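Q: Following this message is one structure expressed as structure tokens.
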Amino acid sequence: MFIGTYNNSIDAKNRMIVPAKFREELGYKVVLTLGIDNCIYLYPMKEWEVFMEKLAKLPISDPKARNFARNFTGNAEECEVDRQGRITLPQNLREQTGMVKELTTIGCMNKIEIWSREEYEGAGDQVQMDRGEIAKGMVEYGI
């Protein structure tokens, strides 16, 4: 399980260092794809396969289901974590999310979210909940 928030950056070769606490669970082969909230999702291969199984069960006759699957798979790229714990962030994903240099990397249970730090800090209230909202969510979602 991935948890925690880390600040990192993109180097001159468009690589980022994966936080050390994430590396062991992540493995050496990962999948990057466009996330929902203007971020990049980073999946360990085993979690990506679980996600693909769920997408494969969507009704092919439903145009929304096809587009949903297309958005994840069409933007996906397999990537290797190098010996220094770095991954290369694909240009198309960097451009779509506005990533230039500074990043915020968040462990989000079965995946990692990679954000432009500016985007993440700008999203502020939409991403961070106050304690009252958290309590209400716990009741609403039965946690």
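Q: What ³J(HN,Hα) values, in whole Hz, does the Karplus curve 6.51 cos²θ - 1.76 cosθ + 1.60 give for the range 53-67 when θ = phi - 60°, with x put for Gly and Pro?
A: In residue order, the calculated couplings are 4, 5, 5, 5, 8, 5, x, 5, 7, 8, x, 5, 5, 5, 5 Hz.
Q: Using DSSP to define loop residues, name the trypsin sites (Lys or Arg not before Pro) in the range 1-62 whose beta-carbon has at most 16 other beta-carbon atoms within 10 Å.
A: Working: sites: K13, R15, K21, R23, K29, K46, K54, K57; in loops: K13, K57.
Qualifying residues, ordered by number: K13, K57.
Q: Sticking with this structure for a sec: Determine one quarter of the surface area of the Cα convex hull of the range 5-117, which equals its mean projected area, and express it in nm² to one decimal.
A: On the way: hull surface 27.1 nm².
Directional mean of the projected Cα hull area for the range 5-117 stands at 6.8 nm².
Q: Using a Förster distance of 35 Å, how high is the FRET efficiency between Q91 and A135, based on the Cβ-Cβ distance and rounded to 0.05? Can you show the working numbers first?
A: Details: r = 42 Å, r/R0 = 1.19.
The computed FRET efficiency comes out at 0.25.
Q: Please give the residues of the range 1-25, grouped as numeric ranges, whose backbone N is less than 18 Å from a label point set 7 Å along the Cα-to-Cβ vector of K54.
A: 1-3
Q: Label points 7 Å out from Cα along the Cβ direction at I36 and E77: separation in nm?
A: For I36 paired with E77, the spin-label model returns 2.4 nm.
Throughout, read-outs are computed from the coordinates displayed, never taken from laboratory work. What you see is a predicted model, and the numbers here were worked out from it, not measured in a lab. Because the Cβ atoms are built from the backbone with ideal geometry, glycine has one as well, and the counts that use them run over all protein chains shown.
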